[in-house]
């Protein structure tokens, strides 16, 4: 269940951080790459389950910064403070280190939520630009129940992104 949530949350983050053409700007170095070529990089390590699936803890990050450069945590923190305000890194750290492990019911809820968000984003992008259709990986279309004839999300619904609990 954790791996399924990781996968759909990663798709969500990378799509959320991409522009209408599917391009993501790395949060730490500014390099621009297609959403299918970047990572969902975590500010606070994934091992801290209370913050692992928090939207403000995870952003589009190039593979060079995320994997070869250890996440560039100092640069990441500066970017987070520019985006969300001073003190946000301390807040994320506190949640990560004092929060509780999510229940299986909560994980299932988040899977449903993020798969629906991904489907909705893809449906919106395809409606605006049919060529966006070509950039959707086949494993993604199967996982989120995308209609293969139009590749529009079948489960999309509108909800605000969850906050850390």
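No value in this document is a laboratory result; all are computed from the given coordinates. As the structure is a prediction and not an experimental result, all values here were calculated from the model. Glycine gets a Cβ as well: all are built from the backbone with ideal geometry, and neighbour counts include every protein chain shown.
A few notes on this one:
- Estimated from the Cβ-Cβ distance and a Förster radius of 30 angstrom, the FRET efficiency linking residue 47 and residue 20 is about 0.30.
- Segment 78-108 versus segment 29-55: alpha-carbon centroid distance in Å: 13
- For the peptides 82-89, 51-58, 33-40, the ranking by mean Cβ contacts within 10 Å, running from highest to lowest, is 51-58, 33-40, 82-89.
- Shape parameters for segment 2-153, alpha-carbon atoms, Rg then Dmax in Å: 15.7, 47
- Label-point separation, residue 68 to residue 93 (7 Å along Cα→Cβ), nm: 2.9
- Straightening the chain between residue 37 and residue 127 buys 30.2 nm, computed as 0.36 nm per residue apart minus the Cα-Cα spacing.
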